[in-house]
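Chemist: Have a look at this one.
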Amino acid sequence: MAAAALKSVCLSAFDYKTEKYVIAQNKRVGILYRVVQLAVLGYIVGWVFLTKKGYQETEESIQSTVITKLKGVTLTNSSDTGVRLWDVADYVVPPQVVITYLSCQSFSVKDALCKSKEDCTPGEAVIAGHGVKTGVCLKKDTNSTGTCEIFAWCPIERSGKPQKPLLAKAENFTVYIKNSIRFPNFKFAKSNVLDTSNNSYLKSCQYDKIHSPYCPIFRLGDAVLWTGHDFQDMAKEGGVIGIFIEWNCDLDKSASKCNPQYSFNRLDLKSSPVSVTSGYNFRYAKYYKNSKGEDYRTLIKVYGIRFDIMVNGKAGKFNIIPTVINIGSGLALMGAGAFFCDLVLLYMMKKSTVYRERKYESVSSSMKST
C-alpha cells in the first residue's frame, strides 16, 4: 500500500493542469467579482497612473545653486553706535557690545575665587570667565576671599538682552533669491527668475503667492509673517527662518509648467515660554591700536534673523519600461480578483461541493479513443 501511494505521488508530479472555465450563475459572486475588478481598475488608473504618474521615469538627484542679495537702507541713533547709516555692506551684523583690552578681575566669576596666589595658577583658563589667570590673587583684606586677576579683554561683556531691535525698519528690506536647478538625467535646467526681456522687472516686482509667484524678491517682514511670527518680536533675540524651495516638474508638459513652490518655517521654535534655546546670535571682533600702540578691539554681538534656504525637487518623464511594469502589475491584480472569487465559490458557498466538481475534472491517461 505504501509503495503504491508513493508511486501515485511521484507520478502526480508529471500531471499537467489546464484551465477550465465554469460559468457560475450566482449574482452575489458575480457582483463581488465586478466590484473587485472596478476597484483594481480604479487603483491602477486613478492612483498609479494619474496620481503617481506610474508611466514616468523619475529623477530626484536635483543639482542646485542659490545666490542671495540683500537690499535696504536705514538710519539709527543708539547709545552704542550714535547716529549711523546702515546699508547693504554692514546692516547684517549690528554691534551691541563694545569691549577694550586690559588686565582685569571680576568677583562674580566663581572659577576665579581664591584664598592665596596658589589658587591662581598662571596661564590656567577660567572656564566661566573671559581669559586666563595671571598668578595674582587680589583680596580686599587678609582674611577675605579674593579673586584671581585675569588676563582678558576688559571690561568684560555686559550681560542682558536688547530691549528693542536696533534695525527695526529692516522688515521692509528685501532679499533677492536666485535659484538655478538641473536634472542631469533629463538634461533639463531652469531658474526661479521669470524669463522676461523686461529689464526693469526685477527692480519693481515683489514676491506674492497669488499675484506675483515668479518674482524672486522677498520682503523680510513677509517671510517672517508667513511662518506665523512677528518680525519685531523675533528681531530682538534673533531667530532662524527656513525657506524651502520645492521643484516638482512634469517634463511631459512644457518647461513653463515647471515652477518652484515656496514654504516658510521657523526653525528655532521655543520648547517652553522660558526656553533659552531659541533665538540666534553670534560674536565677532574688529581689532586696532591707539596712538600709544595699545591693542583695542570692538566686540560685536549680533542678534539677527538667519535665513536658511533649502532646495528639493523631483522630475518625471514618460518611459515605456515603467509603463509596461505597472500595466503588468495591474493585470496580475485583476487575476487576484478571480482567485478571490474562486475561494468564495469553492469554500464559502453552500453548494461549494457542486462548484468544485464542475471546476476540477480528472482525465486518465489510459483513456482510448473509440
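Chemist: Based on the Cβ-Cβ distance of LYS350 and MET310, what FRET efficiency does E = 1/(1 + (r/R0)^6) give at R0 = 56 Å, to the nearest 0.05? If you can, show how the numbers build up before the last one.
Modeler: Values: r = 63 Å, r/R0 = 1.12.
About 0.35, to the nearest 0.05.
Chemist: For the stretch 122-220, take the convex hull of the Cα atoms, compute a quarter of its surface area, and give me that in nm², please. Let's see the in-between values first.
Modeler: Details: hull surface 59.0 nm².
Projected over every direction and averaged, the Cα hull of the stretch 122-220 covers 14.8 nm².
Chemist: Another one. Round to a whole angstrom and tell me the spacing of the C-alpha centers of the stretch 250-329 and the stretch 213-240.
Modeler: For the stretch 250-329 versus the stretch 213-240, the Cα centre distance is 13 Å.
Chemist: Residue by residue, what Karplus-based ³J(HN,Hα) values in Hz, rounded to whole numbers, does the stretch 257-262 have, using 6.51, -1.76 and 1.60 with θ = phi - 60° and x for Gly and Pro?
Modeler: So the Karplus estimates, Gly and Pro as x, are 8, 8, 9, x, 10, 9 Hz.
Chemist: Mind pulling the per residue volume of the convex hull built on the Cα atoms of the stretch 196-286? Å³ is fine. The partial results should precede the final answer.
Modeler: On the way: hull volume 16.4 nm³, N = 91.
Enclosed volume per residue, from the Cα hull, is 180 Å³.
Chemist: Name the residues of the stretch 319-346 whose amide N is less than 19 Å from a point 7 angstrom out from the Cα of ILE31 along the C-beta direction?
Modeler: 338, 340-346
Chemist: Going out from 0 in 5 Å bins, what whole percent of all Cα-Cα distances in the stretch 173-216 drops into each bin?
Modeler: 5, 19, 26, 24, 13, 9, 5, 1
Chemist: Here's another thing I want to ask about it. List the residues whose amide H sits under 5 Å from the amide H of GLU124, counting only those 5 or more places along or on another chain, with H placed 1.01 Å from N in the peptide plane.
Modeler: Long-range HN contacts for GLU124: LYS133.
Chemist: Could you compute how fast the stretch 237-316 diffuses translationally, taking Rh as the Kirkwood radius over C-alpha pairs and applying Stokes-Einstein at 4 °C with viscosity 1.567 mPa s? Give it in µm² per second.
Modeler: D = 78 µm²/s.
Chemist: Note the per residue figure in Å³ for the convex hull of the C-alpha positions in the stretch 32-84.
Modeler: On the way: hull volume 12.1 nm³, N = 53.
Dividing the Cα hull volume of the stretch 32-84 by its residues yields 228 Å³.
Chemist: Let me ask something additional. Rank by packing, highest mean first: peptides 319-329, 168-178, with packing defined as the count of other Cβ atoms within 10 Å averaged across residues. Mind showing how you got there, number by number?
Modeler: Details: 319-329: 12.7, 168-178: 17.6.
Top to bottom by mean Cβ count within 10 Å: 168-178, 319-329.
Each reported figure results from applying straightforward, stated rules to the coordinates on display, with no laboratory input. All values derive from a computational prediction rather than experimental measurement. Quick reminder, even Gly has a Cβ in these numbers, built from the backbone with ideal geometry, and neighbours come from all protein chains shown.
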